[in-house]
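Accompanying notes for the structure given below.
The values are calculated or read from the model by the stated rules, or taken from the named source; none is laboratory data. Quick caveat, the model's predicted, so the values are computed rather than measured. Here the Cβ is made from the backbone with ideal geometry for all residues, glycine too, and neighbour counts use every protein chain on show.
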2 protein chains.
Amino acid sequence: MRTVDLIRRKRDGEELSGKEIAFLIDGYTQGVIPDYQMAAFLMAVFSNSMSEREVGTLTECMLHSGETIDLSSVPGVKVDKHSTGGVGDKTSLISAPLAAACGAIVPMISGRALGHTGGTLDKLESIPGFRTNLTVDEFREQLRMYGLAFMGQTAEVAPADAKLYALRDATATVESIPLIASSIMSKKLAEGLDSLVLDVKVGSGAFLKKQVEARRLAQIMVTIGRRADKRVQALITDMNQPLGFAVGNALEVMEVSQTLQNAGPTDLTRLSLELAARMIYLGRITMTLDDAREMATSKLLDGSGYRKFKEVIQAQGGNANVLDRFDLLPNATGVREITSPRNGYISGIDAECIGQASGLIGASRDTKEDTIDPAVGMILEVKVGQKIDQGAVLCRIYYTREDNLDGAAQLVEDAFRISSNPPEERELILEVVG
Amino acid sequence: MRTVDLIRRKRDGEELSGKEIAFLIDGYTQGVIPDYQMAAFLMAVFSNSMSEREVGTLTECMLHSGETIDLSSVPGVKVDKHSTGGVGDKTSLISAPLAAACGAIVPMISGRALGHTGGTLDKLESIPGFRTNLTVDEFREQLRMYGLAFMGQTAEVAPADAKLYALRDATATVESIPLIASSIMSKKLAEGLDSLVLDVKVGSGAFLKKQVEARRLAQIMVTIGRRADKRVQALITDMNQPLGFAVGNALEVMEVSQTLQNAGPTDLTRLSLELAARMIYLGRITMTLDDAREMATSKLLDGSGYRKFKEVIQAQGGNANVLDRFDLLPNATGVREITSPRNGYISGIDAECIGQASGLIGASRDTKEDTIDPAVGMILEVKVGQKIDQGAVLCRIYYTREDNLDGAAQLVEDAFRISSNPPEERELILEVVG
């Protein structure tokens with residue numbers, strides 16, 4: 001078997017066998033196949049896609065390239081939630097405590113911010129003292145005690161994915177549905193979970209801009225999960241405006257606290273509850289989805305989710321008082337207001353622009369080596385559909401350094417589209433797959 | 001400017017500016033852009049092609065990545081001939097001496113065999129003593145003396161192409177029209193020529209299998225040449241069977257000798273004369289193409305081309321007597337006959353199979369490091385359209401080692417298609433571009 005022949009066949013739109021895909025992935029992980037051949041292969045996959053069978057094998061190869069976490073000693077059904085990445089998406093920090101408060105076991109292995117999208121780990125680390133680098137033993141112990149633990153991915157899990165992801169990032173092959181699906185699912189299947197709720201984002205602020213692409217990604221991931229005997233459902237949700245009002249790490253923790261106290265933005269509350277309900281249902285806590293929805297709502301209203309989150313923050317070394325006293329969180333030193341140039345209706349808020357602007361002032365990173373400023377970010381003052389007057393504040397930028405502030409402000413101004421007529425209403429949850 | 005953004009734009013089918021292409025090629029040649037990013041870019045070009053403007057800039061960048069040969073001190077119009085590579089294609093060794101015998105100045109800078117196609121340098125080096133590694137000064141001096149000199153490409157000419165070609169070879173991105181065009185034309189434009197005749201091969205034995213692709217390649221190369229103020233014409237010629245009867249280095253030199261004495265195969269003689277006539281015409285020796293055809297034919301018939309080739313062999317240190325005494329050339333030690341399994345008509349001879357079989361027994365190389373056995377190869381005993389009886393010899397394989405002989409024999413057997421009815425006649429010269 002020669003690598004160049006396999007590249008050629010994928011280039012010409014042919015389907016590769018399981019053995020052939022294993023040859024490529026194993027060879028690449030072991031350093032036998034060089035980066036440049038894998039880069040050409042990835043671009044050929046980008047252009048010609050992969051069959052479901054190919055994506056399945058690819059996922060298995062990446063899964064078996066490293067260690068898997070054994071959670072069989074933790075009693076109960078283990079259920080995780082994963083988002084493909086959005087702007088202002090802090091649902092994990094709301095739905096996971098809610099699901100755990102209902103009795104689900106939630107092993108949350110999360111990622112970091114990259115590009116214009118945020119990362120759960122970075123948000124948690126804005127809480128003073130919060131440790132995300134748990135050992136697997138600590139992780140298991142905490143799951144047994146509290147039903148919820150947050151940690152980062154270890155280097156031993158799916159190393160093929162880590163190596164491939166870095167290469168994809170440098171070769172413009174990130175936005176490929178089979179590559180996204182195998183990357184996500186290989187990591188998730190390595191976590192020892194029984195059920196998984198996927199939140200596939202679609203729109204200007206997401207990797208995937210079209211619903212048909214999001215649907216295809218969701219379907220492939222659900223299929224891969226089922227083949228591995230996992231219960232998997234995917235929501236396809238709108239990312240044509242940021243979720244909630246807050247974008248930026250500490251700012252989002254504040255909004256999480258408000259939402260867990262039933263004082264959060266409507267869209268964020270609604271999506272977090274739906275995700276929690278699916279986790280509860282797939283986690284076999286209730287017999288029906290409607291029961292799960294009811295249970296999630298009641299645990300939001302009675303403060304159980306809020307208390308669960310506090311408990312877990314404390315367990316992981318964080319200062320749980322931050323949820324009540326926002327002055328204990330990192331706070332920005334300056335604020336700039338972006339105002340509306342005219343009267344009208346907000347017809348669009350480009351989430352990618354908002355994400356990029358946040359990144360510019362330090363809320364995210366361009367490369368894995370960049371450091372994050374937990375204090376900075378922005379608070380939207382309006383959402384799509386709202387009527388506004390000229391001069392009204394659209395958004396407040398919270399910054400600590402003025403370096404890229406003007407560029408960020410420009411991006412934020414560009415993000416808002418204002419029209420004379422109210423826009424059509426958009427659904428937040430567009431579709432359910434699985 | 002970021003490399004990954006340029007890869008993304010080409011991936012999405014956008015046209016890159018001249019500055020952007022220069023950024024990529026210069027960066028890659030200087031080692032600033034790594035192989036893996038260039039590999040992804042090449043595959044994106046393979047999938048999305050390039051505009052004429054892009055190919056033009058790409059060619060210029062590769063041309064200017066190295067030195068150019070200055071032939072301005074050699075009087076006369078300099079005209080070269082280049083083939084995109086075929087099986088049994090020894091026309092350069094016939095048309096170049098004919099054109100030179102008519103007074104054209106022919107600086108022949110040639111390549112080596114790779115894959116299933118042969119290379120002019122390897123054929124010449126089967127002549128004992130023949131030196132292809134002339135210095136540029138020797139090359140110029142010989143052109144002044146004889147009007148014809150053969151040499152290999154120096155490392156200083158178009159180093160970007162050498163680096164890119166090696167990468168394309170390893171990443172299945174060879175068969176891309178813009179990449180083929182820029183590779184050929186950057187090297188040819190570096191040679192200090194005034195006119196160029198291109199022979200674009202199409203069919204089973206060529207890189208390009210379809211005439212529409214060959215036409216596009218020819219058109220792009222002619223356009224690039226004209227923009228550089230060169231007179232360029234391209235013939236599109238059939239490579240659905242090997243050219244002539246002989247395939248293999250010394251065997252082809254023998255057939256060249258026969259053809260220059262007007263005793264060669266019809267197809268080879270016809271194409272060599274047409275190529276020579278175009279070289280003579282573009283070299284401004286005659287006013288019309290018809291005059292050039294007449295002149296080429298007369299120089300074939302009166303033996304001038306044959307004597308010119310002898311002269312040049314001697315000038316480059318070779319034993320010119322080989323053209324009369326084939327026993328002075330490397331000769332194979334064994335012969336195997338491939339016979340026809342049935343009565344009928346030869347309806348096809350897959351040139352790629354024949355080329356691969358020759359390669360298997362040592363007539364070509366898989367990698368640049370392989371060595372070539374100049375003695376081995378094959379002689380076809382039939383051509384397409386011919387009537388044959390069961391048991392008649394189709395082809396003789398000349399070998400020196402039995403290692404891969406059975407595999408080669410199998411390939412040769414597979415190459416012949418025999419049918420009950422005579423096939424439709426095919427044109428040898430399909431089209432002229434420019």
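Being within 14 Å of chain A (Cβ to nearest Cβ) and buried (at least 22 other Cβ atoms within 10 Å of the Cβ) is the filter here, so list the residues in segment B:156-166 that pass it.
Filtering segment B:156-166 for residues within 14 Å of chain A (Cβ to nearest Cβ) gives B:163-166.
Across segment B:156-166, the qualifying residue is only B:L164.
Output the number of residues of segment B:411-434 satisfying the condition of being assigned to a helix (DSSP H, G or I) and either crowded, with 17+ Cβ neighbours inside 10 Å or free of Cβ contacts under 8 Å to residues at least 12 places away in the same chain (or both).
Total meeting the criteria: 3.
Looking only at segment B:43-50, decide whether some residue is at pLDDT 95 or above and more than 14 Å from chain A (Cβ to nearest Cβ).
Kept after step one, since they are at pLDDT 95 or above, are these residues of segment B:43-50: B:43-50.
Next, from what is left, pick out any that are more than 14 Å from chain A (Cβ to nearest Cβ): B:50.
The answer is yes; a qualifying residue exists.
Could you please find all residues in segment B:24-39 being without any contact (Cβ under 8 Å) to a residue 12 or more places away in the chain and surrounded by 14 or more Cβ atoms within 10 Å (Cβ to Cβ)?
From segment B:24-39, those without any contact (Cβ under 8 Å) to a residue 12 or more places away in the chain are B:30-32, B:34, B:36; that's our starting set.
B:P34, B:Y36 - these are the residues of segment B:24-39 that are without any contact (Cβ under 8 Å) to a residue 12 or more places away in the chain and surrounded by 14 or more Cβ atoms within 10 Å (Cβ to Cβ).
Considering only segment B:240-303, give the helices (runs of 4 or more DSSP H) lying wholly within it that have at least 3 residues that are closer than 23 Å to B:K383 by Cβ and among the charged types (D, E, K, R). Outline the logic, then answer.
Details: elements: B:249-260, B:266-282, B:289-301.
Fully inside segment B:240-303 and qualifying: B:266-282.
Return the only residue of A:I109, A:I127, A:I94 being farther than 24 Å from A:L328 by Cα, in the same structural domain as A:A296 (by TED's automatic domain parsing) and not hydroxyl-bearing (S, T, Y).
Values: A:I127 fails: farther than 24 Å from A:L328 by Cα; A:I94 fails: farther than 24 Å from A:L328 by Cα.
Of A:I109, A:I127, A:I94, the one residue that is farther than 24 Å from A:L328 by Cα, in the same structural domain as A:A296 (by TED's automatic domain parsing) and not hydroxyl-bearing (S, T, Y) is A:I109.
Considering only residues of segment B:9-23 that are surrounded by 19 or more Cβ atoms within 10 Å (Cβ to Cβ) and either in contact (Cβ under 8 Å) with a residue 24 or more places away in the chain or farther than 19 Å from B:E60 by Cα (or both), which is farthest from the other protein chains (Cβ to nearest Cβ)?
Result: B:I21.
Looking at B:V79, B:V87, which one is buried (at least 24 other Cβ atoms within 10 Å of the Cβ), within 21 Å of the chain's Cα centre (by Cα) and assigned to a loop (DSSP other than H, G, I, E, B)?
Details: B:V79 fails: assigned to a loop (DSSP other than H, G, I, E, B).
So the residue among B:V79, B:V87 that is buried (at least 24 other Cβ atoms within 10 Å of the Cβ), within 21 Å of the chain's Cα centre (by Cα) and assigned to a loop (DSSP other than H, G, I, E, B) is B:V87.
Looking only at segment B:290-340, count how many residues are surrounded by 18 or more Cβ atoms within 10 Å (Cβ to Cβ) and either without any contact (Cβ under 8 Å) to a residue 12 or more places away in the chain or of a type in the set (A, V, I, L, M, F, W, C) (or both).
14
So, of the residues in segment A:24-39 that are at the interface with another protein chain (Cβ under 7 Å from one of its Cβ atoms) and under 28 Å from the mean Cα position of the chain (by Cα), which turns out to be farthest from B:I7 (Cα to Cα)? Lay out the reasoning, then the answer.
Taking segment A:24-39 first, the residues at the interface with another protein chain (Cβ under 7 Å from one of its Cβ atoms) are A:35-37, A:39.
Subsequent filtering for residues that are under 28 Å from the mean Cα position of the chain (by Cα) retains A:35, A:39.
Values: A:D35: 16, A:A39: 11 Å.
Here the residue is A:D35.
Any residue at all in segment B:367-383 that is at positive phi and assigned to a strand (DSSP E or B)?
Filtering segment B:367-383 for residues at positive phi gives B:377.
Filter once more, keeping what is assigned to a strand (DSSP E or B): B:377.
Yes: segment B:367-383 contains one or more residues that are at positive phi and assigned to a strand (DSSP E or B).
Regarding B:R231, is this residue modelled with pLDDT of 95 or more and among the charged types (D, E, K, R)? Please lay out each step first, then the result.
On the way: modelled with pLDDT of 95 or more: yes; among the charged types (D, E, K, R): yes.
The answer is yes for B:R231.
Go through segment B:237-285 and count every residue that is free of Cβ contacts under 8 Å to residues at least 12 places away in the same chain and more than 16 Å from B:K90 (Cβ to Cβ). Please lay out each step first, then the result.
Taking segment B:237-285 first, the residues free of Cβ contacts under 8 Å to residues at least 12 places away in the same chain are B:258, B:263, B:266, B:281.
Restricting the remaining residues to those that are more than 16 Å from B:K90 (Cβ to Cβ) gives B:281.
Counting residues in segment B:237-285 that are free of Cβ contacts under 8 Å to residues at least 12 places away in the same chain and more than 16 Å from B:K90 (Cβ to Cβ) gives 1.
Can you tell me which of B:G355, B:G385 is buried (at least 17 other Cβ atoms within 10 Å of the Cβ) and not aromatic (F, W, Y)? Quick ask: steps written out before the conclusion?
Numbers: B:G385 fails: buried (at least 17 other Cβ atoms within 10 Å of the Cβ).
Result of the check over B:G355, B:G385: B:G355.
Can B:L58 be described as more than 13 Å from chain A (Cβ to nearest Cβ) and either more than 30 Å from B:D199 (Cα to Cα) or assigned to a helix (DSSP H, G or I) (or both)?
yes
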